[in-house]
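The values are calculated or read from the model by the stated rules, or taken from the named source; none is laboratory data. All values reported here derive from a predicted model rather than from experimental measurement. Cβ: placed from backbone, ideal geometry, glycine included. Neighbour counts: every protein chain shown.
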Amino acid sequence: MTKLWGGRFTKQAEEWVDAFGASIPFDQLLVQEDLEGSLAHVSMLAEQEIITGEEAAKITDGLKQLQKKAENGELEYKVENEDIHLNIEKHLIDLIGPVGGKLHTGRSRNDQVATDMHLYVKKQTQEVLTKIHNLQTALVEQAAENVETLIPGYTHLQRAQPVSFAHHLLAYFEMLARDFDRFQDSLKRTNISPLGAGALAGTTFPIDRQKSAESLGFESVYSNSLDAVSDRDFVLEFLSNSSTLMMHLSRFAEELILWSSEEFSFVELDDTFATGSSIMPQKKNPDMAELVRGKTGRVYGSLFSLLTMLKGLPLAYNKDMQEDKEGIFDTVETVKGSLDIFAGMVETMKVQTETMKTAVQSDFSNATELADYLATKGMPFREAHEVVGKLVLQCIDKGIYLLDLPFDNYKEASSLFAEDIYEVLQPETLVARRNSEGGTGFKQVEQAVEYAKEHLKETKE
């Protein structure tokens, strides 16, 4: 079969060479974007009188027929037609005749594929924003119900200080808020039209790039034709933002995996997001959280792959750039799926409040409060730190905790201790007193929940 570009060639490539060079096995995902770009382009060609109104109407009708077929899964894609652009052009010519070939007037596959990718990334970014918002909503709903639920706070995975469970959840809300901002900001650099840049140097036809950009919902056009066809920064930015987002989800996944273990038993994940063992009947494995943690690596890989591919490319378009697609297609599905899984896990997880309460009463996470107590009474904090450290050591030797230590031991350690020390050491008191801005104090957390609810309303609009 003669290629649509085959006039200069005297021999056909072998099938295995065609298969190696073809992108249609994966870039068929761009079919709707390709058709949208073509509809905008043909409309502009007619308006500029580059083709006749009759020709434009015939081409437009053909493209819309192909849209319906694509929606119904009725389009057949062939490797010998290489990519989505030539497959669509071939279908169009077969459908309406040689006039279909006029669609390609004033454009190249180079600006065509760049346009498709801009449309695709723009659409997927908006979908990711919606899914981030959904996960944030689930976090806020759980937080609102657990303001006064206490959980051990950790540093180095060692018990540090008790915190409100809502405060812990809202830390992930804040991470996701930054992710949301990054994706939203990236739209400024995605929402630009390369259509009309041609192969690399523009075109001699009197096209109107602003018109086609407006038809496609782009805010502006590239001001340099070389940059227009060779820029993949917007793809890199999506992959970079996705990598940061997946890192946040992976951290959260790790905590859910720990919390749902028998050793912690802080939460129980819904059966929908767990699996059993083929040999051990008692098992309930947090497989969905583990998969999110594992899939983070493939998103990182897509980012690094594209960075490596682009680093040595001269201007303008090179065939290497075909390798931008599979990574982002995979990343889109991974990120959207991970966000959906997480929203479901957070929304349905059961918080084991009594287990958490027992945990914060069975450790030395109130030791800092004891040092602060002495410091507020005038003892230098470093001296107070040493006094409390020795009290903790006494408790360890006796197999008890600070709340169990007799008052005589406190008085022996420092005359500054009074009977109110046992109230001060209660976990609820510890948390409530940490009322500094952004702290885990209940009043601060209640304000943070309300702020988060307002933030969600604003970002939804």
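A few notes on this one:
- The number of residues in segment 318-348 being under 11 Å from Val235 (Cα atoms) and of a type in the set (Asp, Glu) comes to 1.
- Scan segment 57-72 for residues that are small (Gly, Ala, Ser) and buried (at least 21 other Cβ atoms within 10 Å of the Cβ) and the total you get is 1.
- Count of segment 141-192 residues which are in contact with a strand residue (DSSP E or B) (Cβ under 9 Å, 6 or more places away or on another chain) and among the charged types (D, E, K, R): 3
- Spans of helices (runs of 4 or more DSSP H) in segment 19-133 with at least 3 residues at pLDDT below 95 and aromatic (Phe, Trp, Tyr): none
- First in segment 308-325 and within 15 Å of Met117 (Cα to Cα), second anywhere and at pLDDT below 95 and of a type in the set (Asp, Glu), Cβ under 7 Å, 6 or more apart: Lys325/Asp27
- Matching residues in segment 436-452 - criterion: being part of a helix (DSSP H, G or I) and loosely packed, with under 15 Cβ neighbours inside 10 Å: Lys443, Gln447, Glu450, Tyr451
- Unmet requirement for Met356, which otherwise passes all of (1) of a type in the set (A, V, I, L, M); (2) under 30 Å from Ser250 (Cα atoms); (3) in contact with a helix residue (DSSP H, G or I) (Cβ under 6 Å, 6 or more places away or on another chain): (3)
- Selection from segment 216-239 of residues that are closer than 15 Å to Lys122 by Cα and hydroxyl-bearing (Ser, Thr, Tyr): Ser220
- Residues in segment 250-272 that are in a helix (DSSP H, G or I) and touching an Asp or Glu at 6+ places or on another chain (Cβ under 8 Å): Ala253, Ile257.
- Scope segment 393-435; condition out of contact with any Cys (no Cβ under 7 Å at 6 or more places or on another chain), part of a helix (DSSP H, G or I), hydrophobic (A, V, I, L, M, F, W, C) and within 13 Å of Ser362 (Cα to Cα); matching residues: Cys395, Ile396, Leu403
- Tally of residues being exposed (fewer than 15 other Cβ atoms within 10 Å of the Cβ) and within 24 Å of Lys69 (Cβ to Cβ) across segment 20-31: 1
- Residues of segment 236-265 that turn out to be surrounded by 22 or more Cβ atoms within 10 Å (Cβ to Cβ) and either under 22 Å from Ala171 (Cβ atoms) or modelled with pLDDT under 95 (or both), as a count: 10
- Within segment 205-230, if we keep just the residues that are closer than 26 Å to Glu333 by Cα and in contact with a His (Cβ under 9 Å, 6 or more places away or on another chain), the residue that is surrounded by the most Cβ atoms within 10 Å (Cβ to Cβ) turns out to be Phe218.
- Residues that are surrounded by 16 or more Cβ atoms within 10 Å (Cβ to Cβ) and outside any loop (DSSP other than H, G, I, E, B) within segment 373-391 comprise Tyr373, Leu374, Ala375, Ala384, His385, Val387, Val388, Leu391, listed in sequence order.
- Residue check, Met356 touching a strand residue (DSSP E or B) at 6+ places or on another chain (Cβ under 6 Å), buried (at least 18 other Cβ atoms within 10 Å of the Cβ) and in a helix (DSSP H, G or I): yes
- Residues of segment 368-382 satisfying the condition of being small (Gly, Ala, Ser) and farther than 15 Å from Arg434 by Cβ: Gly378
- Screening segment 273-321 for residues that are among the aromatic types (Phe, Trp, Tyr) and in a helix (DSSP H, G or I) and picking the one that is nearest to Ala197 (Cα to Cα) gives Phe304.
- Cβ pairs under 6 Å, 6+ apart, first in segment 98-122 and on the phi < 0 side of the Ramachandran plot and charged (D, E, K, R), second surrounded by 24 or more Cβ atoms within 10 Å (Cβ to Cβ) and part of a loop (DSSP other than H, G, I, E, B): Asp111/Pro194; Asp111/Leu195; Asp111/Ala197
- For segment 405-416, the set of residues classified as within 15 Å of Glu383 (Cβ to Cβ) and either among the acidic types (Asp, Glu) or touching a residue at least 40 places away in the same chain (Cβ under 8 Å) (or both) consists of Ser414, Leu416, listed by residue number.
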